Amino acid sequence: MNHAAGKAAGQGARGRPEVLFPLFAPLTSLPGIGPATAKALQKLGHTLPRDLLLTPPSGLVDRRPRASIRGVAPPATVTVAVTLGPPIPPRGPGRPWRVPASDGAESFDLVFFHARADWLARHLPPGERRVVSGRLDMFDGRLQMVHPDHVLTMAEAARLPPWEPVYPLGAGLGQRAMHKAVRAALARAPELPEWCDAELIARQGWPAWRAAVLALHDPGAGGEAAQRLARARLAHDELLSHQLTLALARARLRRGKGRPSRGDGSLRERVLAALPFRPTDGQLRAVEEIAADMAAPTRMNRLLQGDVGSGKTLVALLAMLIAVEAGGQAALLAPTEVLARQHHATIARMAGAAGVAVEVLTGRDRGAVRAAKLARIAQGSARIVVGTHALFQREVAFRDLRLAVVDEQHRFGVRQRLEMAAKGRGADMLVMTATPIPRSLALVCHGDMDLSTLHGKPAGRRPIETVLVSSRRIDEVVARLAAALDAGRQAYWVCPLVERSETLNLAAAEARADALRRALGAGRVGLVHGQMSHEARDAAMEDFAAGRTRLLVATTVIEVGIDVPAATIIVIEGAEHFGLAQLHQLRGRVGRGSAASTCVLLYDPPLGEAARARLTVLRETEDGFRIAEEDLRQRGAGDLIGHAQSGLPRFRIADPERDAELLRIAQDGARLALARDPGLETPRGQALRILLWLMGRDESIRLMSAG
């Protein structure tokens with residue numbers, strides 16, 4: 001942003017508009033929020049006052065007062081003015097106090113366990129009028145209200161909202177504390193310039209931003225209808241900020257003129273001729289799409305989406321060979337050292353058929369070894385480079401980088417992808433994901449990219465038999481596993497935890513590894529988990545890949561990118577505690593060779609309805625796209641693209657599947673706004689900048705500043 005525009009927006013030293021400063025202050029700056037409450041809020045994902053404003057209540061409780069409870073069918077929440085009778089002491093140990101209450105037409109009891117007589121006399125004096133609000137139930141033939149949510153004097157009752165929000169809670173945080181925190185944050189909600197088109201606001205009947213935030217948490221007499229309008233407005237804003245981010249990323253990547261990269265096919269032909277199988281039609285089609293993009297004068301920005309075992313690595317290699325055929329270099333970025341070295345081994349083996357040198361660079365490389373690798377990359381003799389985040393470092397310079405490939409793209413942000421592409425002049429970008437995404441969400445998550453999808457598996461891959469086994473039969477599973485290892489097979493055993501927990505009754509990898517070593521032989525069982533050092537983890541994986549250990553006990557650290565074709569069995573202990581997508585990824589660690597493979601889902605009975613539905617779907621199909629659709633149906637888009645799919649955009653208010661029309665409006669709005677004002681410098685553009693800051697899209701602001 002230029003100086004004049006920044007000044008107009010009232011920006012501080014770091015660029016954020018001053019009007020937003022109160023929303024980005026520490027939680028402890030809110031009145032009544034101490035360190036303990038702030039910590040409890042942070043565990044729920046609320047790190048700033050802004051987060052409290054933009055997290056909707058999970059529901060509304062009707063607190064509208066009634067003249068009488070007559071006609072109410074319990075159980076029901078009611079608010080009514082009553083006259084109090086004398087408290088009736090408990091009739092025995094563990095029994096409650098009862099306070100008779102009458103609304104003039106009906107009577108019921110207010111019930112209090114562990115109450116003190118002096119407290120009751122002070123707060124519920126006999127003969128006085130009070131407004132009580134809570135859940136009315138029937139017990140032993142009499143109506144009662146156990147521990148009312150509110151007991152108010154007639155004067156205090158005026159402050160009770162007609163609709164009271166209910167929030168998701170965590171340990172150390174009750175509704176009262178949550179309400180207090182939200183009210184304090186709402187007091188800081190500023191009036192902001194309007195970023196939505198006036199015609200859209202009028203057509204949808206939406207309130208202004210501040211009014212929408214207030215109505216989201218306190219809809220007043222408008223109740224659920226008013227909250228729905230407010231939620232729709234704020235959901236649109238959230239989707240709009242995300243679509244602007246994607247559009248800005250695409251514009252930034254393509255603003256610089258690309259360089260056509262056309263290969264003669266010679267290297268690709270040699271690699272394909274050396275393969276022991278024929279690529280699938282989907283792989284060949286994806287390569288054609290990539291080749292067309294790379295030959296164009298604009299930069300490629302393409303997502304390659306494929307199910308586990310669909311052959312994305314071969315497609316990536318063929319794409320990189322196009323860059324090499326054109327006289328340049330290519331780089332493949334992986335999120336972990338294990339995955340980077342595995343990619344290097346696979347790609348170097350295939351590229352060797354064409355005489356192409358493949359280098360690997362990770363954080364483990366030091367001193368003279370690292371200097372030699374950097375020299376080969378800079379000189380261009382390393383035609384393909386595979387690496388981790390180490391490739392981002394300033395001293396890593398390519399002679400002529402034409403294609404950057406990013407694997408497991410959700411581990412990297414938009415800016416990191418652009419930094420990788422910036423290592424070359426007009427370099428093309430190909431990103432890959434092994435997490436199938438329903439097409440209805442593809443534009444939401446990856447709207448800045450063109451999409452290629454791989455369906456099916458390469459020839460020779462056999463179906464994986466998936467079975468559900470009760471944990472009560474674990475001895476039988478171990479016995480069959482022993483026979484399989486004796487026959488020369490290899491296997492994984494996956495546990496939910498690294499070590500035993502006092503609060504969670506789940507299997508721990510360390511304890512399970514010890515037990516399996518006793519049963520199967522210490523030398524045959526390896527262990528790998530995320531708390532191990534990189535060196536120890538890599539050593540354990542290398543021992544397993546080389547066949548020195550036959551069984552690898554692991555946590556979900558092996559979820560993606562581990563490729564040991566000889567492994568044909570995977571046991572997932574506590575399978576009911578994993579999500580569908582995660583189970584599918586774990587299952588994909590086997591079935592990577594030509595031998596028959598088995599996935600054992602070991603569960604603790606009895607299974608709940610939701611867990612049984614997940615495991616049944618997994619048993620019935622290996623189609624990751626069908627599984628993703630079922631995951632979407634069971635959990636909703638909010639969960640699917642939120643915590644469960646880490647790295648994919650997290651929406652607090654919007655549900656892209658349910659809000660498909662709002663998504664369409666947001667996509668059109670972002671496209672139109674940037675067409676009219678590419679730099680977002682007009683008054684409305686400045687308002688959109690405020691929206692991006694408000695929604696935490698700092699990356700978008702930096703993209704504009706850098707571009």
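The values are calculated or read from the model by the stated rules, or taken from the named source; none is laboratory data. Everything numeric in this text was worked out from a predicted model, so none of it was measured. Because the Cβ atoms are built from the backbone with ideal geometry, glycine has one as well, and the counts that use them run over all protein chains shown. SASA here: full protein model, heavy atoms, side chains in, ligands and nucleic acids out. Shrake-Rupley method; radii C 1.70, N 1.55, O 1.52, S 1.80 Å.
Values as computed for the structure displayed
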item	result
Trypsin sites (Lys or Arg not before Pro) lying in DSSP loop within the stretch 28-116, provided at most 13 other Cβ fall within 10 Å	70, 91, 116
At 0.692 mPa s and 37 °C, Stokes diffusion of the stretch 282-422 via Kirkwood alpha-carbon radius, µm² per second	216
Share of carbon and sulfur in the accessible heavy-atom surface of the chain [1.4 Å probe, %]	52
Rh (Kirkwood; distinct C-alpha pairs) - the stretch 268-352, Å	13.8
Burial order of peptide ranges 128-136, 266-274, 29-37 (average beta-carbon count within 10 Å, highest first)	128-136, 266-274, 29-37
Extension gain from residue 594 to residue 368, taking 0.36 nm per residue of separation minus the Cα-Cα distance	77.2 nm
For the chain, the longest site-free run once chymotrypsin sites (Phe, Trp or Tyr not before Pro) in DSSP loop states with at most 16 other Cβ atoms within 10 Å are removed	278-707
Solvent accessible area, Å² - residue 449, 1.4 Å probe, full protein context	10
Evaluated at q = 0.16, 0.17, 0.20, 0.26 Å⁻¹: base-10 log I(q)/I(0), Debye formula over Cα of the stretch 78-130	-0.44, -0.50, -0.67, -1.02
Options 303, 545, 392, ranked by Cα towards positive dipole end of the chain, top entry (Cβ charges)	392
Label point distance in nm, residue 156-residue 91, each placed 7 Å from Cα along Cα→Cβ	3.0
Spin-label zone in the stretch 169-192 - amide nitrogen under 13 Å from a point set 7 Å from the Cα of residue 39 along the C-beta vector	171-173
Where the Cα pairs of the chain fall when distances are cut into 20 Å bins, in %	15, 39, 33, 11, 2
Paired Rg and Dmax values of the stretch 82-184, which use every Cα atom, in angstrom	15.0, 43
